[in-house]
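In what follows, a structure is listed as structure tokens, so that the remarks can point back to it.
All of the numbers you see were taken from the coordinates with simple rules; none came from a lab. As the structure is a computational prediction, the values presented were derived from the model and not from experiment. No Cβ is skipped: glycine too gets one built from the backbone with ideal geometry, and neighbour counts run over all protein chains shown.
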Amino acid sequence: MKKKEQIIENLKSWLEKTNISYDKDIGFRCRDKEIKELRDGKTEKEVYVVSFKTESDIEYDKNGEIISLLEGMYCFAYFDSETLELLYVMKKAGYIEVDGSY
């Protein structure tokens, strides 16, 4: 299995464990490894970044009309390029830690 495929499989497994659903129509986009400054603002590390979108949540009333719409958000998962371990997930309003906490 290629590194990018392995990273995507690792991310899918992590999303399932943390009960975060992703938009299957958009899927995942794994970029080539690159040197990025990590969120601490001090460390530069060679990482793979995978972009994906969380699934939207739509609720309907008994007449089939939308009563609630929570639009999914774009997220960026950072993986260590050597170990292929998830470092964290960056989203619009903060981060999701590896343990699933916000």
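The GNM of the chain, with springs linking C-alpha atoms under 10 angstrom apart, assigns the highest mean-square fluctuation among 57, 32, 40 to 40.
If a/c stays under 1.5 just call it rounded; otherwise compare a/b with b/c (prolate if a/b is bigger, oblate if not). Do that for the chain, with a ≥ b ≥ c from the square roots of the Cα gyration tensor eigenvalues.
Values: a/c = 2.61, a/b = 1.94, b/c = 1.34.
Cα axes put the chain in the prolate bin.
Which residues among segment 1-34 fall inside the zone where the amide N is under 19 Å from a point 7 Å beyond the Cα of residue 95, along Cα→Cβ? It comes to 11, 14-15, 18, 34, nothing else. Among 56, 68, 21, the largest mean-square fluctuation in a Gaussian network model of the chain, built with springs joining Cα atoms closer than 10 Å, belongs to 68. Under a Gaussian network description of the chain, with springs only between Cα atoms under 10 Å, the residue in 65, 37, 16 that fluctuates furthest is 65.
Note on segment 3-96: with charges restricted to the Cβ of Lys and Arg (+1) and Asp and Glu (-1), its dipole about the Cα centre is near 220 debye. Between the Cα long axis of helix 3-17 and the first principal axis of the chain there is an angle of about 40°, rounded to the nearest 10.
Counting only helical runs of four or more DSSP H residues, what would the 222 nm mean residue ellipticity of the chain come to if each run contributes -39,500 (n - 2.57) and the total is spread over all its residues?
On the way: 1 runs with 15 residues, N = 102.
Taken over the chain, the calculation gives -5000 deg cm²/dmol.
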